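Visitor: The structure that follows is given in the form of structure tokens.
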Amino acid sequence: MDEAPEDRLQTKPTAVVITLEGLGLLFEALRRREYRLVGPTLGDGAIVYREIRSPADLPQGWTDEQDGGTYRLKRRTDRAVFGYAVGPHSWKQFLFPPATRLWQGRRTPGGGFETQAEGEEPPRYAFIAVRACELHAIAIQDRVFMSGSHPDPTYRGRRERAFIVAVNCGQAGGTCFCVSMKTGPKATSGFDLALTETLEGGRHRFVVEVGSERGAEVLGDVPHEAADADDLASAARAVERAAAQMGRTMDTTGIKELLYRNYEHPRWDHVAARCLTCANCTMVCPTCFCSTVEDTADLTGEHAERWRKWDSCFTLDHSYVHGGHVRPSARSRYRQWMTHKLATWIDQFGTSGCVGCGRCITWCPVAIDITEEVRAIRDSEPPPGGPAGEGHDAHD
């Protein structure tokens, strides 16, 4: 029986080391257990998550340069296989698919109609190179889809069968701010195995921590040795280097109250003048979960299907109710997204909806920066004890 996410080990294990060859043997051990490996690979001019088979499929020797509205691949000066930040893909596409058929129905000879629920067995995924911020994103979606009295069966089936191989970051991207959100760059929980890639002293090694009984069982099939002091120091330096390289920062002090106080702030007009409402930010975000339901039928009327598909709070129809649209303007839609992500999400789920991965900044066509928007609103408020009154936007 597959291990539930909450059953993963909570104690800190003893670290061991595997080689690049051992990484290939780890992949083989997972495939023998009938896992479908999904990990980073080069495709479409980016580092994307797709099915892989061996370390040869990994983006060895490649990295990515990111800034607002900018992403490009670049050759590294070494042969690191995990020497990049994060690309446009997130793991939610495998746990919360972009399109899911909920049921299908067919007209019966007697004039009735019978429905058939979707009953396919969920896939067994092994996610390779899940970053710390992404582990936090998965944990957030766990709260959304698996807590309460009505858990989502599609998400739960895929989530409980997933094996997670995390990778601690050795390099941050230009739009990363996970340190501000306390979500990285080191994975601390939520994984079966966690790797830290080290390339020092002519050695290419991976320091491995075990996070679950299932992870320990798989690692038992892979040749490994105890990590020595040099390995541990090298791994620690890699993570410290990434923490010091954050391309962005966000002051989260009292952020929920800050946004609630500034619901009518003029900064929303400033950002709306640039926002294309294209929904790129929500599509690449690892925690956004808006969806819509579509019913389809064939031309004969004999067969019908109901599908759940990704949607976005930036689309006009997402807020449509009888009589009109609740959020008809770009201003209201951007405000809804950012305020939900950083404020009302806390009220709903007990956590921020942002993990500091920076994807929304990188993949925005006009380089709107969520950290800049928060800073502008915060800086416009009078200091504690200063004159009362509504803050002004110094950028306008």
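The values are calculated or read from the model by the stated rules, or taken from the named source; none is laboratory data. Not measured: the values here are computed from a predicted model. Glycine also receives a Cβ, built like all others from the backbone with ideal geometry; neighbour counts cover every protein chain displayed. Note: accessible area is taken over every heavy atom of the protein model, side chains too, but ligands, DNA and RNA are not part of it. Shrake-Rupley method; radii C 1.70, N 1.55, O 1.52, S 1.80 Å.
Visitor: If you take the residues in segment 318-328 that are within 22 Å of residue 353 (Cβ to Cβ) and over 25 Å from the mean Cα position of the chain (by Cα), which one is surrounded by the fewest Cβ atoms within 10 Å (Cβ to Cβ)?
Guide: Across segment 318-328, the extreme among qualifying residues is 326.
Visitor: Among the residues of segment 103-113, are any in a loop (DSSP other than H, G, I, E, B), of a type in the set (A, V, I, L, M, F, W, C) and touching a strand residue (DSSP E or B) at 6+ places or on another chain (Cβ under 6 Å)?
Guide: no
Visitor: Might you let me know whether segment 365-383 holds any residue that is more than 21 Å from residue 288 (Cβ to Cβ), among the acidic types (Asp, Glu) and modelled with pLDDT of 95 or more?
Guide: Yes, segment 365-383 contains a residue that is more than 21 Å from residue 288 (Cβ to Cβ), among the acidic types (Asp, Glu) and modelled with pLDDT of 95 or more.
Visitor: To continue, here is another question. Can residue 319 be described as over 22 Å from residue 68 (Cα atoms) and touching a strand residue (DSSP E or B) at 6+ places or on another chain (Cβ under 9 Å)?
Guide: Yes.
Visitor: Residue 102: in contact (Cβ under 8 Å) with a residue 24 or more places away in the chain, aliphatic (A, V, I, L, M) and either over 19 Å from residue 195 (Cβ atoms) or surrounded by 20 or more Cβ atoms within 10 Å (Cβ to Cβ) (or both), yes or no?
Guide: So residue 102 fits the description; yes.
Visitor: Something else now. When you go through (1) closer than 25 Å to residue 165 by Cβ; (2) outside any loop (DSSP other than H, G, I, E, B) one by one for residue 223, which number turns out not to apply?
Guide: Just one mismatch for residue 223, condition (2).
Visitor: Here's a follow-up. Assess whether residue 24 counts as being free of Cβ contacts under 8 Å to residues at least 24 places away in the same chain, surrounded by fewer than 18 Cβ atoms within 10 Å (Cβ to Cβ) and either more than 20 Å from the chain's Cα centre (by Cα) or in a loop (DSSP other than H, G, I, E, B) (or both).
Guide: No.
Visitor: What are the pairs with Cβ atoms under 6 angstrom where one residue, in segment 371-396, is on the phi > 0 side of the Ramachandran plot and the other, located anywhere, is surrounded by fewer than 17 Cβ atoms within 10 Å (Cβ to Cβ) and modelled with pLDDT under 80? Sequence gap at least six, or different chains.
Guide: Close Cβ pairs satisfying both conditions: none exist.
Visitor: On to the next question. Of all residues in segment 120-154, which are within 16 Å of the chain's Cα centre (by Cα) and either charged (D, E, K, R) or assigned to a loop (DSSP other than H, G, I, E, B) (or both)?
Guide: 131, 134, 142, 143, listed by residue number.
Visitor: Now a separate question. Can you give me the number of residues within segment 155-186 that are in a loop (DSSP other than H, G, I, E, B) and touching a residue at least 60 places away in the same chain (Cβ under 8 Å)?
Guide: 14
Visitor: Any chance you could count how many residues in segment 238-253 are closer than 18 Å to residue 205 by Cβ and free of Cβ contacts under 8 Å to residues at least 12 places away in the same chain?
Guide: 1
Visitor: Only residues that are open to solvent by less than 70 Å² (accessible area, probe 1.4 Å) and either in contact (Cβ under 8 Å) with a residue 12 or more places away in the chain or in contact with a Lys or Arg (Cβ under 6 Å, 6 or more places away or on another chain) (or both): list them for segment 254-271, please.
Guide: Within segment 254-271, 255, 256, 258, 259, 262, 265, 266, 267, 268, 270, 271 meet the criteria.
Visitor: Something else now. Checking residue 309 against (1) more than 23 Å from the chain's Cα centre (by Cα); (2) surrounded by fewer than 16 Cβ atoms within 10 Å (Cβ to Cβ), only one condition comes out false. Which one?
Guide: Result: residue 309 fails condition (1) only.
Visitor: Of the conditions (1) within 23 Å of residue 175 (Cα to Cα); (2) part of a strand (DSSP E or B), residue 81 clears all except one; give me its number.
Guide: Only one criterion in (1) within 23 Å of residue 175 (Cα to Cα); (2) part of a strand (DSSP E or B) is unmet by residue 81, namely (2).
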